[in-house]
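K.L.:
My questions will all concern the structure given below.
Every number in this text was worked out from the coordinates using simple rules, so none of it is lab data. These numbers were taken from a predicted model, which means no experiment stands behind them. Every residue, glycine as well, gets a Cβ built from its backbone with ideal geometry; the counts of neighbours run over all protein chains shown.
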Amino acid sequence: MSKLAPLEKLKFLSEENVRDLATKHGTPIYVNSRAMFTKQVKSIQGVVTKTPLTIRYAMKANHNHDVLKLIHSLGVKIDASSGYEVEEAIKCGFAPEDILLTSQELPKNLKELVKKGIQFNATSFHQLEEYGALFPGHDVTVRINPGVGSGFDRKVTTAGVSAGFGIWHEYLDRVFETSKKYNLRINRLHTHIGAGSDVEVWKNVIDINLKLLEQMPTVDIVNVGGGFKVARMSDEKTTDMNDVLPALDAKLIEFSARTGRTISVEIEPGTYIAAPSAAIICEVIDTVDTGKNGYTFIRTNTGMNDLLRPALYGAQHPLIAVSRNDEVAKPPKEYIVIGHCCESGDAITVAPGNSEELMPRTLPTVEIGDYIVIEGCGAYCASMSAKGYNGFPETLEIMI
Ligand SMILES: Cc1ncc(COP(=O)(O)O)c(C=O)c1O
């Protein structure tokens, strides 16, 4: 067994499923699991809170249409990150009123989308001005950078002084001036501090939000974004929704009792719902070694064109070797697993948080033609990769 990572297990597929799906569809293939998406959504919906809670799925995590249709059937609403995502969500059955657009770039057809009924979150003064000029007298959400961020990596920390998302929390006066100029009513306060956030930091940010709310008398919805952690590797921890949501609820109840205001809550999980809910099945296409002081490499027929997270963040994904012919697992061996792109950065087994450093993983000895299942690929994989690099075609996505 590796000192760093124990042998991982399949999460929702059996070895037989892997062989059958690979034979039927070929590899690589993304496999989305209806049961897993449903389980994740229900685990949030099952938490009892006094404060009304709306779940908006952050569709940037995985906007596969079968996934969106399933999420819609589960009664979840949408956090869209571009005008294009809004249109995808509408195609998949979401009512425009159930979509909140929080985008870094104003869609060219913003007017048309708002007229359809979508809700708009202004993430800068420029956006607030543009929206105000188009829709004077309307309701609007403002995204505030609360001054504190938290993410599993700097690249996913979306608040604090080093993050260019939202309006800085000290500029509320200018927010009020701008909204007054266009007779806008600020009905929702939005913050999103990062992905894989530290729960304690996240709870502190709720307190910051409540202080902001005291200064924002027209707000009746607080949206605290996403960022809930999911254990992909067996030694990682998942955020306990039965801890964070009641904690949020208690703070809101106390706020209501103190101020006499009723505030409803929204969260925007992407990772939490999607990450554990899909896997990539790929194939060992080659093995190479670099001598007695080097490594043994497994080359797979996937890589950064399907899965960018290891190269981008040093992200860890469970790897499970499945013998092509249903043979008994061979003795374990340390491997570096790499992708098929002509790029030394296309490595799948890298050190946690450091894609510069290769990190061997223990797997049963594999042969060319065996399968590798990469788990934890439901979020920010198909929707966020170096698509088309080296001319590799787009990988098939199925729902089982
Ligand atoms: C505004 C907003 N809300 C929600 C999310 C979802 O975050 P996560 O996938 O960490 O839950 C993101 C992700 O970047 C985001 O930008």
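K.L.:
For E367, E283, what's the fewest-to-most ordering of other Cβ within 10 Å of each Cβ?
P.N.:
E367, E283
K.L.:
From the residues C341, S14, S264, which one has its Cα farthest along the dipole of the chain in the positive direction, the dipole being from +1 and -1 charges on Cβ of Lys/Arg and Asp/Glu about the Cα centre?
P.N.:
S264
K.L.:
Hey, how many Å between the Cα centroid of the range 225-281 and the Cα centroid of the range 160-220?
P.N.:
18
K.L.:
Related question: Step through the residues of the range 287-298 one at a time and calculate ³J(HN,Hα) from phi using the Karplus curve (6.51 cos²θ - 1.76 cosθ + 1.60, θ = phi - 60°), rounding each to whole Hz and writing x for Gly and Pro.
P.N.:
9, 9, 10, 10, x, 5, 9, x, 10, 9, 9, 9
K.L.:
Follow-up question, since we're still on this one. Enter the angle in degrees (range 0 to 90, nearest 10) between the Cα long axis of helix 34-45 and the first principal axis of the Cα atoms of the chain, meaning the one along which they spread out most.
P.N.:
Helix 34-45 sits at roughly 40 degrees to that axis.
K.L.:
Oh, and also: Note down the relative contact order for the range 34-274 as a percent, whole number, built from C-alpha pairs under 8 angstrom at least six residues apart.
P.N.:
With pairs under 8 Å counted, the relative contact order is 22 percent.
K.L.:
So what's the range 253-340 giving for Rg/Rh, alpha carbon basis, Kirkwood Rh from the mean inverse pair distance?
P.N.:
1.28
K.L.:
By the scheme Lys and Arg +1, Asp and Glu -1, what is the net charge of all other residues having a beta-carbon under 14 Å from that of A247?
P.N.:
Cβ neighbours under 14 Å give a net charge of -4.
K.L.:
Using amide H atoms built 1.01 Å from N in the peptide plane, name the residues 5+ places from G160, or on other chains, whose amide H lies under 5 Å from its own.
P.N.:
Here G147, V148, G149 satisfy the definition.
K.L.:
Only Cα pairs within less than 10 Å get springs; with that Gaussian network setup on the chain, which residue of V373, V114, V142 has the largest fluctuation?
P.N.:
Taking springs between Cα atoms under 10 Å, the residue moving most is V114.
K.L.:
Long-range amide H contacts for L307: which residues qualify at under 5 Å (H placed 1.01 Å from N, peptide plane, sequence gap of 5 or more or a different chain)?
P.N.:
For L307, whose amide H was placed from the backbone, the distant partners under 5 Å are A386.
K.L.:
Another question, if that's okay. Taking the Cβ of each residue in V328, V199, V288, V31 as the centre, tally the other Cβ atoms inside 10 Å and list the residues starting with the fewest.
P.N.:
The fewest-first ordering by Cβ neighbours comes to V328, V288, V199, V31.
K.L.:
Report, to the nearest 10°, how far helix 172-181 tilts away from the longest principal axis of the Cα atoms in the chain, using its own Cα long axis and a range of 0 to 90°.
P.N.:
60
K.L.:
Same structure again: Once phi is turned into ³J(HN,Hα) by the Karplus curve 6.51 cos²θ - 1.76 cosθ + 1.60 with θ = phi - 60°, what whole-Hz value does each residue of the range 216-225 show in order, with x for glycine and proline?
P.N.:
10, x, 8, 6, 10, 9, 10, 10, 9, x
K.L.:
What 222 nm value per residue comes from the helices of the chain, counting each DSSP H run with n ≥ 4 as -39,500 (n - 2.57) and dividing by all residues, nearest 500 deg cm²/dmol?
P.N.:
Per the formula, -8500 deg cm²/dmol.
K.L.:
Same structure, new question: List the residues, sorted by chain then number, that are 5 or more residues from G225 or on another chain and whose placed amide H is less than 5 Å from its amide H.
P.N.:
Excluding prolines and chain starts, which carry no amide H, the hits are T191, E268.
K.L.:
Exposure proxy check: M359, M241, M59 ranked by fewest other beta carbons within 10 Å?
P.N.:
M241, M359, M59
K.L.:
Ordered by residue, what ³J(HN,Hα) values in Hz, to whole numbers, does the range 79-92 give under the Karplus form 6.51 cos²θ - 1.76 cosθ + 1.60, where θ = phi - 60° and Gly and Pro are x?
P.N.:
9, 10, 10, 7, x, 5, 5, 4, 5, 4, 5, 4, 4, 8
K.L.:
Which of K155/K333; K11/K39; K42/K91; K9/K330 have a Cα-Cα distance over 21 Å?
P.N.:
Pairs exceeding 21 Å: K155/K333; K42/K91.
K.L.:
Sorted from largest down, give the three principal axis spans of the alpha carbons of the range 189-264, whole angstrom values.
P.N.:
Computed over the range 189-264, the largest-to-smallest principal extents equal 45, 20, 16 Å.
K.L.:
Against the globular-protein guess of 2.2 N^0.38 Å, express the Cα radius of gyration of the chain as a ratio, rounded to two decimals.
P.N.:
Cα-based Rg divided by the globular estimate yields 1.05.
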